[in-house]
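In what follows, a single structure is set out as structure tokens and then discussed.
The values are calculated or read from the model by the stated rules, or taken from the named source; none is laboratory data. Model, not experiment: these values are computed from the prediction. Using ideal geometry, Cβ is built from the backbone for each residue, glycine included, and neighbour counts are taken over all protein chains shown.
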Amino acid sequence: MQTSPLISVIIPVYNGAEYIETCFQSIISQSYQNLEIIIINDGSEDNSSEICDYYASKDQRIKVIHQENKGLSAVRNRGVRESKGDYIGFVDSDDYIHSDMYKILLNNLLLTNAGVSMCNFKKVYQRNFTNNKNNELPDSEKLNVISKQEAFEHLFADTNVNLVVPWNKLYKKEIIRKVQYPEGKVHDDEFTVHHIIQATNKIVITEQNLYYYYHHPSSFMNESYNLKRLDAVTALRERFEFFMNNKYIQFQSRALNMYMHHLIIHYNLLEKNLPEETLKLKELIDMYRSDFNKYQNLLPARRKIELHMFFIHPQIFKLYIFNRKKLYNLKINTLKLKRLSKEKI
């Protein structure tokens, strides 16, 4: 008799006593039962440790690891190393999942022989997990299977967050074990997603909302601007270098454009929120000018002209953006007036 594949679910915990039980309940209640649940307590200073140990005493599928605080990336890396499953998933401890999530993701993965199976997520503002089985399994025609090339294309979409985040997915173990999350960095998913895509043949996607992402008022993304946010710029620069090194010619220009525009965005945020960081501001300008000089020929003419304004001076670029917005608003208002005039006639 063929046994069901083992899925390892990795849960990082840090000072989560207020909410981790909701997360744990949603995982131990999965309709797919052959799970290895790896909870890594990353140096919590509240009573998260006791809660983790309590759940481990009640469910033999749970393995708890206690360690000094090393950060989210280090936790993910250790969880992958410790895992024994054929497939691996991540759940953040302040979120929760649909009771059929891993059953659906595994079925889709086996059906299509993809390397990664993913679902949509829903942002929630309160934790009200119930053992909900109202959502029907999607028919095969509702699935979207994308190739490696199509997945890379998705990285340049404004709606790429579903693809980038690590926790709404199920990975073949040989895929995720090729990836090392960068320890000490935030935005670790931006550093790794292109390597995951590179390691897989295709990705299967269901549009069902099976992962519930809790919008936490005190989360990192809601904190005031700080220097750690600049890791996003480093991640996008490394992604551009990845496309260069792997000779993905069709993506190089857009990756460069995305990186340079994010550098401009973060320069402006840094200047606005931490104007005293003059050395860091200069470092960003120097990096920008060096990379623009080196790679500008990859850019289409219009983008090159726009980005050259920032190269000359950041204030010139700001003035250009300000006037462009004014012209755009003027154009929209003119079109509205013409439409109103026609309606009166």
Response to the item:
Among (1) surrounded by fewer than 18 Cβ atoms within 10 Å (Cβ to Cβ); (2) modelled with pLDDT of 95 or more; (3) in contact with a strand residue (DSSP E or B) (Cβ under 7 Å, 6 or more places away or on another chain), Glu174 falls short only on (3)
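Specify which of the listed residues (His187, His194) is crowded, with 20+ Cβ neighbours inside 10 Å and either at positive phi or among the basic types (Lys, Arg) (or both). So that I can check it myself, show each step before the final result.
Working: His194 fails: either at positive phi or among the basic types (Lys, Arg) (or both).
The conditions single out His187.
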Discussion item. Just to be sure I understand the filter: pairs with C-beta atoms under 6 Å, separated by 6 or more residues or on different chains, first member in segment 262-275 and free of Cβ contacts under 8 Å to residues at least 60 places away in the same chain, second member aliphatic (A, V, I, L, M) and surrounded by 19 or more Cβ atoms within 10 Å (Cβ to Cβ). Which pairs pass?
Written reply: His262/Val233; His262/Leu236; Leu263/Val233; His266/Leu230; His266/Val233; Tyr267/Leu284
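With the structure loaded, tell me whether Arg61 is more than 24 Å from the chain's Cα centre (by Cα) and either surrounded by fewer than 20 Cβ atoms within 10 Å (Cβ to Cβ) or within 25 Å of Lys103 (Cα to Cα) (or both) or whether it fails that test.
Details: more than 24 Å from the chain's Cα centre (by Cα): yes; either surrounded by fewer than 20 Cβ atoms within 10 Å (Cβ to Cβ) or within 25 Å of Lys103 (Cα to Cα) (or both): yes.
When the stated conditions are applied, Arg61 passes them.
Would you check if His195 is out of contact with any helix residue (DSSP H, G or I) (no Cβ under 7 Å at 6 or more places or on another chain), farther than 21 Å from Tyr181 by Cα and touching a residue at least 40 places away in the same chain (Cβ under 8 Å)?
Numbers: out of contact with any helix residue (DSSP H, G or I) (no Cβ under 7 Å at 6 or more places or on another chain): yes; farther than 21 Å from Tyr181 by Cα: no; touching a residue at least 40 places away in the same chain (Cβ under 8 Å): yes.
No.
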Fill in: Long-range neighbours under 6 Å by Cβ, at least six apart or interchain, first residue at pLDDT 85 or above within segment 212-227, second assigned to a strand (DSSP E or B)
Tyr212/Tyr96; Tyr212/Lys122; Tyr212/Val124; Tyr213/Phe121; Tyr213/Lys123; Tyr214/Val124
Worksheet entry | Residue count for segment 139-164, restricted to those that are under 23 Å from Leu110 (Cβ atoms) and either within 18 Å of the chain's Cα centre (by Cα) or part of a strand (DSSP E or B) (or both) | 10
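Looking at Ser26, Ser49, Ser8 in this structure, which one is within 17 Å of Asp94 (Cβ to Cβ), buried (at least 20 other Cβ atoms within 10 Å of the Cβ) and of a type in the set (Gly, Ala, Ser)? Let's see the steps before the verdict.
Numbers: Ser49 fails: buried (at least 20 other Cβ atoms within 10 Å of the Cβ); Ser8 fails: within 17 Å of Asp94 (Cβ to Cβ).
On inspection, the qualifying residue turns out to be Ser26.
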